[in-house]
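Notes to accompany the following structure.
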Amino acid sequence: MTESSRCVVAVVGSLNLDLTVVVARAPEEGETVLGRHLRTYPGGKGANQAVGSARLAPTAIIGAVGGDHAARMLRRVQEKSGVDTTYLRSKPGPTGRAIIVVSDDGQNRIVVVPEANSLLEAADVTAALDALDPAVVLTQLELLPAVTWAAAQWARLHDRRFVLNPSPVTELDDHILAGADPLVLNEQEALYYAGLPAGTAFDDVVARLLERVRTVVITRGGEDVVVGTEDAIEHLRVPHVDVVDTTGAGDHFAGTLAALLGNGEDLFAAARQASADAARLVASRRTDR
């Protein structure tokens with residue numbers, strides 16, 4: 001990456017090969033259903049976020065893949081999307097996998113098998129961030145806790161913006177949460193980290209989260225996006241679309257948001273544009289993206 005294209009966003013995250021099956025409806029416990037299609041796609045929360053970010057700002061991925069065909073394919077996809085893969089490490093063994101069941105209403109259920117993702121080390125992350133010196137560090141929770149800590153600590157020590165998408169949900173150290181600017185989550189994740197029951201007014205959820213983080217962005221599907229800072233809480237309208245496939249929409253939202261913030265956009269304006277971009281994504285089939 002040249003000086004003229006200095007890294008704006010560094011995504012510390014997972015890369016997986018997604019095995020996606022389409023069904024009329026998801027099976028209940030103990031039930032078998034027939035799938036209509038089985039397709040393979042590049043995926044992983046980190047990979048998806050990096051692709052979304054790279055559309056708008058110079059972006060690098062810090063992650064790990066294995067030594068298999070999936071690794072070569074995922075690396076090519078990142079590079080084709082304009083993502084800097086200099087710090088995409090090759091580790092022994094297989095690349096991560098995700099098994100995704102998509103129902104006709106566009107909703108999905110996902111099982112992730114980390115594989116090489118779990119071999120990325122904190123030292124790998126710190127060294128990469130030192131070299132890239134990004135304006136924004138974006139990460140999720142599909143990597144080891146020590147890696148999340150390293151990303152948060154680097155951003156804090158270097159006074160860089162730390163965007164945290166705490167998914168899948170797990171207990172997090174207050175030190176990590178305190179640096180989130182913003183914390184980007186969906187409804188269920190927001191309730192979990194706020195420690196509040198379903199049905200709680202989302203202004204109250206945001207207020208509780210702001211006791212632990214700097215700023216908050218909550219995506220609520222087709223309802224709205226709730227953005228909270230110490231000065232204001234706003235509910236941003238989401239464009240209405242016919243949902244085809246929600247896979248990767250939250251990742252795309254987070255990547256787009258991080259890029260816009262890195263480019264100097266205000267949090268509310270960035271969330272509004274990221275929401276519009278994510279709406280366009282869920283209205284399309286994955287093969288058309």
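The values are calculated or read from the model by the stated rules, or taken from the named source; none is laboratory data. Predicted model, so just to flag it, every value in this text is computed and none were measured. Using ideal geometry, Cβ is built from the backbone for each residue, glycine included, and neighbour counts are taken over all protein chains shown.
Tabulated values for the structure
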read-out	value
Qualifying residue in region 202-222 (condition: more than 21 Å from VAL9 (Cβ to Cβ), modelled with pLDDT under 90, in contact with a Leu (Cβ under 9 Å, 6 or more places away or on another chain) and of a type outside the set (Gly, Ala, Ser))	no
Complete set of residues in region 125-163 that are of a type in the set (D, E, K, R) and within 15 Å of the chain's Cα centre (by Cα)	GLU142
Qualifying residue in region 114-137 (condition: surrounded by fewer than 16 Cβ atoms within 10 Å (Cβ to Cβ) and within 28 Å of THR20 (Cα to Cα))	no
Top-ranked residue in region 164-178 [being assigned to a loop (DSSP other than H, G, I, E, B) and within 25 Å of GLY264 (Cα to Cα); ranked as farthest from the chain's Cα centre (by Cα)]	PRO166
Test: residue in region 102-113 that is touching a Leu at 6+ places or on another chain (Cβ under 8 Å) and either without any contact (Cβ under 8 Å) to a residue 60 or more places away in the chain or within 27 Å of THR20 (Cα to Cα) (or both)	no
Of all residues in region 158-173 being charged (D, E, K, R) and modelled with pLDDT of 95 or more, the one that is farthest from VAL11 (Cα to Cα)	ASP159
Whichever residue in region 223-240 is surrounded by 15 or more Cβ atoms within 10 Å (Cβ to Cβ) and assigned to a loop (DSSP other than H, G, I, E, B) and, among such residues, is modelled with the lowest pLDDT	VAL238
Given (1) assigned to a strand (DSSP E or B); (2) in contact with a Lys or Arg (Cβ under 8 Å, 6 or more places away or on another chain); (3) under 19 Å from ASN186 (Cβ atoms), number of the condition VAL111 does not satisfy	(2)
Residue pairs meeting the criteria (Cβ under 7 Å; at least 6 apart or on separate chains; first under 19 Å from ALA54 (Cβ atoms), in region 5-31; second among the acidic types (Asp, Glu) and assigned to a strand (DSSP E or B))	CYS7/ASP84
